[in-house]
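Only one structure is covered here, and it is reproduced in the block below.
The values are calculated or read from the model by the stated rules, or taken from the named source; none is laboratory data. Everything quoted here is computed from the prediction, not taken from an experiment. Note that we place each Cβ from the backbone using ideal geometry, even for glycine, and neighbour counts take in every protein chain shown.
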Amino acid sequence: MHINIHINMEENLELGFDQQSTPDLDKYDAIIIGAGLGGLGAATQLTKEGKNILLLEKHNAPGGFATSFVRGRFEFESALHELSGFGTPENPSGLYSYFTELGLIPDKIQFHYAPELYACVFQDGQKYVLPYDPDEYGQYLILHFPHEKENILKFIKVIKNIYEGMSGPIKPLRILFKHMWLIRALGMSTPQFLRKFFTDVRLMNVIQQFWAYLSKSPEDSSAVLFIGALMSYLTKKAAFPDKRSHNMSQLLCEYVLENGGEIRLNSLVNKIITQNERAIGVELINGQRYFGKSIISNVNPVCTVSKMLPKGTFKDSYIKRITAPPLGSSIFTVYLGLNKSPETLGIDLYEVFINLSDDINEAALHTNLDQTKIMVATCYNLIDPDISPPGTTMLALAVLHPGEIWQSVPPTKYFDMKEKVANDLIDVCEDILYPNIRESIEVVEIASPLTYYRYSKHLNGTIYGTNTNVLDNPVLKLKQRTPLKGLYFCGSWIGEGGGYDPSFNSGRKAAKYVLRQFNEDGGK
């Protein structure tokens, strides 16, 4: 699909900022910096409310991580494995309902659903394929761990109760009397919570495989966030957009344009302009300026405050709130285009977590590039059969890596190290899961944390912004509204944290703050 988005090239080079010495501050209701998912969430929400917006994006395509790239005859999904808890027509999530309101579902985009909740395999060859639905999930666990039957039943009952408490109105008395376990779990890590029910280490490892979507390690992950994610998957399923997430990004842009919004690509914002303690506009790297009533930055907050705003804009205490939290993990990915079908290769599962140790916390924290201890293999053909040419397979092998360990690799050894780690992942996949895939490789592309940094400019190439743990949970994370009037943040660094759905929702929440500010200012 191709949509008519303004490519800002020669025009930008011709205009100097001095040609707009008298700014039209009412030109735009909001200027949004960055067309990642946070920016797209803000843009769609504001145009849906009839506001006049300008969306500026430094790349030649929208979406941020929600994009794709072509190598040979394969178009690879860049980042998305699955949208968590996306929902169905009968049981929609908030994102599903919003896409329906925008008119994207069901006419413009369809979604494919992961055939199973997830699968995991261990070094001893034991494989587990977990089903959807909390009760079926519990019965599967009982089948494989019958000695923990009573504990599993109690566990399922408790996580249902916690999820109900998280999903309902936040009323202290209601939570105190009906959802006490929610209060108890707030201060626990995921392993601490699981040890309240189980003693079997393998069982606990099977349950907490989703830790990689939440934090740097299982011991670092918040029990409440884990339960919320698990129950969301169990009750609303996981989905993948037809024609990859790039198609989803394009359709969101199309909605913005059809509803009066303006989008300019190849437009790198260099500065945020302030006046009288208020954000009033932006300046591109070539000097061109745009002005508006509010600014929403989908750029990471560290970069926004340190490079885009005048020094002294914020107090030191607020800057520390931005810079103090540790960064989340980045990822190393091997994208494989195979010249045989999944059936021929014996690939029968969509997403498989591969564990080479029963101490998955130690494996997660393992930062030695010489050995891979834990990874995930995703075969996109098993969720979208038409995602690659007939008779071929698209397989992605990924492992979380701290971005800083790649910064220590000398430039002269960087490409050799990339190939070595990629070969390690392929070896592990062949040894544990799918033998003989190497001989069927037609196309290979490798992305390290430095690759993701170069594309996104996220510090250390982090894919989730700041790390989310027991102490730094969404309640305590940086919020959309800033102390500078007219300036708002959105994206994976804000509020609920990283991932497609949270990033998109952070943009919608930023837009709602903008709308609230309009009301407070009397519509001005």
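Below, the figures for the structure above:
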| item | result |
| --- | --- |
| Where a residue in segment 337-366 is closer than 14 Å to Val399 by Cα and in the same structural domain as Pro402 (by TED's automatic domain parsing) and its partner, wherever it lies, is surrounded by fewer than 16 Cβ atoms within 10 Å (Cβ to Cβ) and of a type in the set (Gly, Ala, Ser), with Cβ under 8 Å and at least six apart | Ala363/Ser357 |
| The listed residue being in contact (Cβ under 8 Å) with a residue 12 or more places away in the chain, more than 20 Å from the chain's Cα centre (by Cα) and not in a loop (DSSP other than H, G, I, E, B), out of Ile142, Ile156 | Ile156 |
| Residue tally, condition of a type in the set (Gly, Ala, Ser) and more than 19 Å from His246 (Cα to Cα), over segment 100-142 | 3 |
| Exclusive hit being touching a residue at least 40 places away in the same chain (Cβ under 8 Å) and surrounded by fewer than 18 Cβ atoms within 10 Å (Cβ to Cβ), set Asn436, Asn469 | Asn436 |
| Residue within segment 298-306 that is assigned to a strand (DSSP E or B), at negative phi and aliphatic (A, V, I, L, M) present | no |
| In segment 113-128, the residues that are under 20 Å from Pro385 (Cα atoms) and either among the hydroxyl-bearing types (Ser, Thr, Tyr) or assigned by TED's automatic domain parsing to the domain that holds Arg202 (or both) | Tyr113, Tyr118 |
| Matching option when the condition is under 30 Å from Arg438 (Cβ atoms) and buried (at least 21 other Cβ atoms within 10 Å of the Cβ), among Gly337, Gly328, Gly292 | Gly337 |
| Pair list, Cβ under 6 Å, 6 or more apart: segment 270-290 residue modelled with pLDDT of 95 or more, other residue assigned to a loop (DSSP other than H, G, I, E, B) and of a type in the set (S, T, N, Q) | Leu284/Ser267 |
| Which numbered condition Thr372 misses (of (1) β-branched (Val, Ile, Thr); (2) under 30 Å from Thr468 (Cβ atoms); (3) touching a residue at least 60 places away in the same chain (Cβ under 8 Å)) | (3) |
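Yes/no matrix, rows are residues, columns are (1) crowded, with 19+ Cβ neighbours inside 10 Å; (2) in contact with a Phe, Trp or Tyr (Cβ under 9 Å, 6 or more places away or on another chain); (3) part of a helix (DSSP H, G or I):
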{"site": "Tyr98", "(1), (2), (3)": "yes, yes, yes"}
{"site": "His112", "(1), (2), (3)": "yes, yes, no"}
{"site": "Ala119", "(1), (2), (3)": "yes, yes, no"}
{"site": "Tyr128", "(1), (2), (3)": "yes, yes, no"}
{"site": "Tyr132", "(1), (2), (3)": "no, yes, no"}
{"site": "Tyr137", "(1), (2), (3)": "yes, no, yes"}
{"site": "Glu164", "(1), (2), (3)": "no, no, yes"}
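For every residue, the table says whether it meets (1) in a helix (DSSP H, G or I); (2) farther than 27 Å from Glu57 by Cβ.
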{"position": "Pro390", "(1), (2)": "no, yes"}
{"position": "Met394", "(1), (2)": "no, no"}
{"position": "Val399", "(1), (2)": "no, yes"}
{"position": "Phe415", "(1), (2)": "yes, yes"}
{"position": "Glu419", "(1), (2)": "yes, yes"}
{"position": "Glu430", "(1), (2)": "yes, yes"}
{"position": "Asn436", "(1), (2)": "no, yes"}
{"position": "Thr468", "(1), (2)": "no, no"}
